[in-house]
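Accompanying notes for the structure given below.
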Amino acid sequence: MTTSMLDQALVRLDDAAQHLKLDPDVLEKLKYPRETTKTRLLIRMDDGSRKSFMAWRCRYDDTRGPTKGGIRFHPEASIDEVETLAFWMTFKCAVMNLPYGGGKGAVQVDPRKLSKSELERLSRAYMQAFAGIIGPDRDIPAPDVYTNAMIMGWMADEYASIVGRVSPAVITGKPIALGGSLGRDDATARGGFYLLRHLETELGVGPGARVAIQGFGNAGSHMANLLHGVGYKIVAVTDSRSGIHAPGGVSYDDLIAAKQGAGLASLADSLPGASVLSPDDIVGVDCDVLVPAALENLIHEGNADTVKGKVVVELANGPITPEADAILAKKGIIVLPDILANAGGVTVSYFEWVQNRQGYYWTVGEIHDRLKASMENEGRAIWLLANDRGISVRSAAYVHALSRLAEAIEAHGTQQFFTS
Ligand code: NAD
């Protein structure tokens, strides 16, 4: 029998539970998604035909507050992936002590094959289908893979027309003009960046260290910019199509120009010593810091042994399978895990929601300062816990989150588990 992604993710829960004295009811509550709704979105294409797309929204657990999590548009999206991502969001929000539970949504679609107006109709159809589940005090979506601020803006607009009032706190990652927060665009990368910089001494890396980045979208491109900006050397970058290996380093401006032009591989002609890199080969590139910033399970049993970096910063969700994680641990490679390293995105999403609700907006400096403090505080606590218990940083992050979740579950009282 094949193991589902969610089953694999739940291994982390069992592992964390061994380090805490927990009421078994806590685990029973966290082992299953609370509710997952699926539907088919039927939209009108530009040529007049109709096409339908599978769509899901999962609210995994809302013990600590309304569920929070992105919406992914991807041709291989599945219910298993959505539920797993929602499970990770539950733990991520607890890691950062945000007053949220975990959720996630997806549409099974390749958005690159849709026109802008088809994409808008699909985004609005998603909100029409799930408006009964979603809401500022119930479930708050955000962008994820292949969704962005423009799509969040359409969804916020659709929600406002359904409920008959402007309600910006229903969704985060919106355009600034519609109540989005300053600093949300690069927040995921910036959170990982602050964490890495805070732990540089312990990790034995710093400016001058060589970085390989898998994925050059929101998370990956901003990470390249931030690390390049403080003197790290970006030696390899891939996206879904191609990549570049430049042992002498590549500038962020060159990467952006290539991405918007002929593709990352085109840089191989202009940089000395550079070569084209296939997306599959970045994992084994010689570097000090490997940054997976694409999709799940791209570092697996078959390639984990080739990883050369000292540190892996998981900006993507679930980029390392449990088997690969064990291989990396044996090699002494430290993994800064997704539920901590990429939590900057949801943290600034929380700031956006707070600003929407208070109707008062912060400067980008205030956002950065608050994000930095959160990443450093939670990161330091988890680092110390890992050292104290002699466990991996990932296990420590799960223990840190699970103790908060357990406290909240117990505080609710056992009679209320599945009734709210
Ligand atoms: P994005 O759509 O902006 O970018 C995804 C990138 O991955 C694209 O460059 C794509 O070409 C690339 N890619 C896809 N398959 C690849 C492959 N096999 N090899 C190399 N590159 C590949 O998405 P994003 O928002 O940057 O999300 C990336 C990861 O970060 C996801 O795991 C997402 O869940 C996670 N994440 C994103 C946010 C956020 O705020 N955007 C927050 C937390 C976590």
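The values are calculated or read from the model by the stated rules, or taken from the named source; none is laboratory data. Note that the structure is a prediction, hence the values are computed from the model and not measured. Note: ideal-geometry Cβ built from the backbone for every residue, glycine included; neighbour counts use all protein chains shown. Surface areas here come from the heavy atoms of the whole protein model, side chains and all, with no ligands, DNA or RNA. Shrake-Rupley method; radii C 1.70, N 1.55, O 1.52, S 1.80 Å.
Below, the figures for the structure above:
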read-out	value
Residue that is of a type outside the set (Gly, Ala, Ser), over 16 Å from the mean Cα position of the chain (by Cα) and open to solvent by 30 Å² or more (accessible area, probe 1.4 Å), where the choices are 80, 61	80
Residues located in the range 223-243, provided they are touching a helix residue (DSSP H, G or I) at 6+ places or on another chain (Cβ under 7 Å) and either away from the ligand (no atom under 11 Å from the Cβ) or more than 15 Å from residue 260 (Cα to Cα) (or both)	223, 224, 225, 226, 227, 228, 234, 236
Test: residue in the range 355-364 that is of a type in the set (A, V, I, L, M, F, W, C) and free of Cβ contacts under 8 Å to residues at least 60 places away in the same chain	no
Matching residues, the range 235-254, being touching a Leu at 6+ places or on another chain (Cβ under 7 Å) and open to solvent by less than 40 Å² (accessible area, probe 1.4 Å)	236, 237, 238, 239, 242, 243, 244, 246, 250
Only one of 12, 64 that is of a type outside the set (Phe, Trp, Tyr), modelled with pLDDT under 95, within 28 Å of residue 348 (Cα to Cα) and not in a strand (DSSP E or B)	12
Test: residue in the range 301-314 that is surrounded by fewer than 24 Cβ atoms within 10 Å (Cβ to Cβ) and over 18 Å from residue 286 (Cα atoms)	yes
Subset of the range 206-219 [open to solvent by less than 20 Å² (accessible area, probe 1.4 Å) and in contact with a strand residue (DSSP E or B) (Cβ under 6 Å, 6 or more places away or on another chain)]	209, 211, 212, 213, 214, 216
Residue within the range 107-130 that is within 16 Å of the ligand (Cβ to nearest atom), within 30 Å of residue 378 (Cα to Cα) and either under 20 Å from the mean Cα position of the chain (by Cα) or in the same structural domain as residue 146 (by TED's automatic domain parsing) (or both) present	no
Looking only at the range 181-197, and only at residues there that are within 19 Å of residue 233 (Cβ to Cβ) and crowded, with 24+ Cβ neighbours inside 10 Å, the one that is farthest from the ligand (Cβ to nearest atom)	196
All helices (runs of 4 or more DSSP H) inside the range 75-188 with 3 or more residues being more than 26 Å from residue 394 (Cβ to Cβ) and touching a residue at least 60 places away in the same chain (Cβ under 8 Å)	116-130
Those residues of the range 131-149 which are open to solvent by 50 Å² or more (accessible area, probe 1.4 Å) and either among the hydrophobic types (A, V, I, L, M, F, W, C) or within 16 Å of the ligand (Cβ to nearest atom) (or both), in sequence order	146, 148
Near pairs, Cβ below 7 angstrom, 6+ apart or cross-chain, from the range 274-289 (under 13 Å from residue 239 (Cβ atoms)) to any residue that is away from the ligand (no atom under 13 Å from the Cβ) and assigned to a helix (DSSP H, G or I)	276/268
Residues satisfying the stated conditions in the range 237-262, i.e. under 20 Å from residue 146 (Cβ atoms), in contact (Cβ under 8 Å) with a residue 24 or more places away in the chain and either small (Gly, Ala, Ser) or not in a loop (DSSP other than H, G, I, E, B) (or both)	237, 238, 240, 242, 243, 255, 256, 259
Residue list for the range 152-177, filter: closer than 26 Å to residue 216 by Cα, of a type in the set (A, V, I, L, M, F, W, C) and touching a helix residue (DSSP H, G or I) at 6+ places or on another chain (Cβ under 7 Å)	154, 155, 171
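Here is a yes/no grid of residues against (1) within 16 Å of the ligand (Cβ to nearest atom); (2) modelled with pLDDT under 95; (3) assigned to a helix (DSSP H, G or I); (4) open to solvent by 10 Å² or more (accessible area, probe 1.4 Å):
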| position | (1), (2), (3), (4) |
| --- | --- |
| 332 | no, no, no, yes |
| 335 | yes, no, no, yes |
| 347 | yes, no, yes, no |
| 351 | yes, no, yes, yes |
| 361 | no, no, no, yes |
| 370 | no, no, yes, yes |
